[in-house]
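Worksheet: the structure to be examined is printed underneath.
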């Protein structure tokens, strides 16, 4: 059943009389026990999706529109005290850089216990026991000893494990992971991804994985959304989208990335650069970089169309591209 | 046999460590590079991969003379450069140029692009001052930019454009060797490909040799003829790109390949090798083979004593590849995953 139901989410930033949409009409669902990957380059708005779902965009300059329903409760309109109770317990988040997410002058144990006691009325000794258990569950060596350590005494992979332990200790229904392995080395990345997979399998929580790395998405996500300039340009089951991408941006991204299986003479880059927030093009935001673009693409924003099964693509030129392919 | 463009023999770089020590004791030594033997031939692209702390960046900087070598020899075109400093180093500096990872930090914010590109020309006095503006324009066009960039400042440009400018600066004096330290890892995927194509063009058109330092296997695989893999300050494997990707000889390389083959991983593909534990600290490099604490082959072979007592040398295998493992060839079999996660 659907756990998170996001309908027509918009996040816009206001400066004086000017408005710019960071997220523009995003709709998606996540079921319990599933992993949704949200892929995009820098400036695509992918981190804003994560923060909006977490209810962390309480900023006077930002407006959030649409609905973000967790189990039928709209988080956008929820009073802040009730939202606060859900943050960290029903929905939890881990960030890209575990070094800056941990308090450098507080022991690891104290930090885990603090987040635990903020949500549950339990004794300090029970909290300690739960914290040690959680550290063990995320594969930390010597969990009891780790409780007394400081963040600087841990490696990058260990810090991310601590963040994960803290995030899952209250058994959230949804874990939001924003580039959880980007700052880590390749072999440590593999460990953390395997851990996240195992936690999803064992606890049935849903995982919303934000990343720029198509390889991470291919490994982890059941479904994926490709975000470009704040809009979903393509979405669907991960394997299907990666094997049969239909939107020119997805096609371009996959062609631009070298792969180990084949040796290409030249890569096919996408010309130009992603648009900046205040300079997003009219119509389809990808049209200045798209070789299939026509006048119609500059005029109107293309709506998402079903292309195969549940796969959707927001492009006016799907027919022309199919012919040329 | 032709003289290699660059040759490193038994090169080591050590730093004084920061671990606690007595007042009158020597500080413990931190070995960033340990006995590196490596050659780069003219026009060759050699990839250098490794995780953070493997020493790959230090190696690039040692070749540039930015960090002093503690032992060992470096030669460029057969001439020793290890202990050449100051003005005597200028000709070598001209022949070897470096492109840094973060193009936001490597360009002077208060200098126009034209000034930035003219600086190497002035330092080396390579062309008459009157010809410099034309040379700057030619350099900009060479890297896919237009001459009107010369009067603007770095802040006006995107990451990809800045990296093009940094590359133009590096090739201003026609170097023989370009050391590129993670030149695309700060860039978006769609822009990465533009820079990788530019580097490939420069190699082809100008006969540049390249030492390409990266943590991204697929990028190195795309660009390089040979790959050297580093782990904790040592080279563990050197092989032609195709051979390394299809049949890694060292168990660490096998684990890296396995971790990198994620995109388009099909159901039924071999289970990835997941290494347990973290990369050990330089202050406590494990005895014997530095990799044995995380090695899946060591576990599979029943923890042979040799691995934790003796340092395996980088030795030549029958097919010409080099690997620093006591069990050459055995890393090639599809490996079982390590259980602990």
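Is it fair to say residue B:58 is closer than 20 Å to residue B:95 by Cα and at pLDDT 90 or above?
yes
Do we have residue A:217 as more than 25 Å from residue B:279 (Cβ to Cβ), facing chain B (nearest Cβ under 9 Å) and surrounded by 21 or more Cβ atoms within 10 Å (Cβ to Cβ) here?
Against the criterion (more than 25 Å from residue B:279 (Cβ to Cβ), facing chain B (nearest Cβ under 9 Å) and surrounded by 21 or more Cβ atoms within 10 Å (Cβ to Cβ)), residue A:217 qualifies.
Give, as residue ranges, the helices (runs of 4 or more DSSP H) completely inside the range A:231-325 that count at least 1 residues that are touching a residue at least 24 places away in the same chain (Cβ under 8 Å).
Qualifying helices (runs of 4 or more DSSP H): A:238-243, A:248-256, A:318-324.
Determine which single condition residue B:274 fails, assuming it passes every other condition in (1) part of a helix (DSSP H, G or I); (2) at pLDDT below 90.
In the conditions (1) part of a helix (DSSP H, G or I); (2) at pLDDT below 90, residue B:274 misses (1) alone.
Give me the helices (runs of 4 or more DSSP H) completely within the range A:77-159, filtered to those with at least 3 residues that are farther than 21 Å from residue A:173 by Cα, ordered by residue number.
A:98-101, A:108-119, A:124-137, A:143-146
Counting only residues that are more than 20 Å from residue B:249 (Cα to Cα), in a helix (DSSP H, G or I) and either in contact with a strand residue (DSSP E or B) (Cβ under 6 Å, 6 or more places away or on another chain) or more than 14 Å from every other protein chain (Cβ to nearest Cβ) (or both), how many does the range B:279-308 have?
So the count comes out to 2.
Would you confirm whether or not the range B:71-82 contains a residue that is buried (at least 21 other Cβ atoms within 10 Å of the Cβ), under 18 Å from residue B:179 (Cα atoms) and touching a residue at least 40 places away in the same chain (Cβ under 8 Å)?
Taking every residue of the range B:71-82 in turn, at least one turns out to be buried (at least 21 other Cβ atoms within 10 Å of the Cβ), under 18 Å from residue B:179 (Cα atoms) and touching a residue at least 40 places away in the same chain (Cβ under 8 Å).
Scanning the range A:224-264 for residues that are within 22 Å of residue A:174 (Cα to Cα) and surrounded by fewer than 23 Cβ atoms within 10 Å (Cβ to Cβ), which turns out nearest to the other protein chains (Cβ to nearest Cβ)?
It comes out as A:238.
Residue B:184: within 11 Å of another protein chain (Cβ to nearest Cβ) and within 13 Å of the chain's Cα centre (by Cα), yes or no?
Yes.
Could you pull out the residue among B:48, B:90 that is touching a residue at least 40 places away in the same chain (Cβ under 8 Å), within 26 Å of residue B:166 (Cα to Cα) and not in a loop (DSSP other than H, G, I, E, B)?
Exactly one of B:48, B:90 is touching a residue at least 40 places away in the same chain (Cβ under 8 Å), within 26 Å of residue B:166 (Cα to Cα) and not in a loop (DSSP other than H, G, I, E, B), namely B:48.
In the list A:30, A:22, A:64, A:68, which residue meets the criterion of being without any contact (Cβ under 8 Å) to a residue 60 or more places away in the chain and part of a strand (DSSP E or B)?
Just one listed residue meets the conditions, A:64.
Does the range B:204-225 hold any residues that are crowded, with 19+ Cβ neighbours inside 10 Å and more than 10 Å from chain A (Cβ to nearest Cβ), and which are they?
B:208, B:209, B:210, B:211, B:212, B:213, B:214, B:224
Which condition does residue A:167 not pass, out of (1) surrounded by 20 or more Cβ atoms within 10 Å (Cβ to Cβ); (2) in contact (Cβ under 8 Å) with a residue 40 or more places away in the chain; (3) within 12 Å of another protein chain (Cβ to nearest Cβ), if it passes all the others?
(3)
The values are calculated or read from the model by the stated rules, or taken from the named source; none is laboratory data. Keep in mind the model is a prediction, meaning the values are calculated, not measured. Ideal geometry is used to build each Cβ from the backbone, glycine not excepted, and the neighbour counts take in all protein chains shown.
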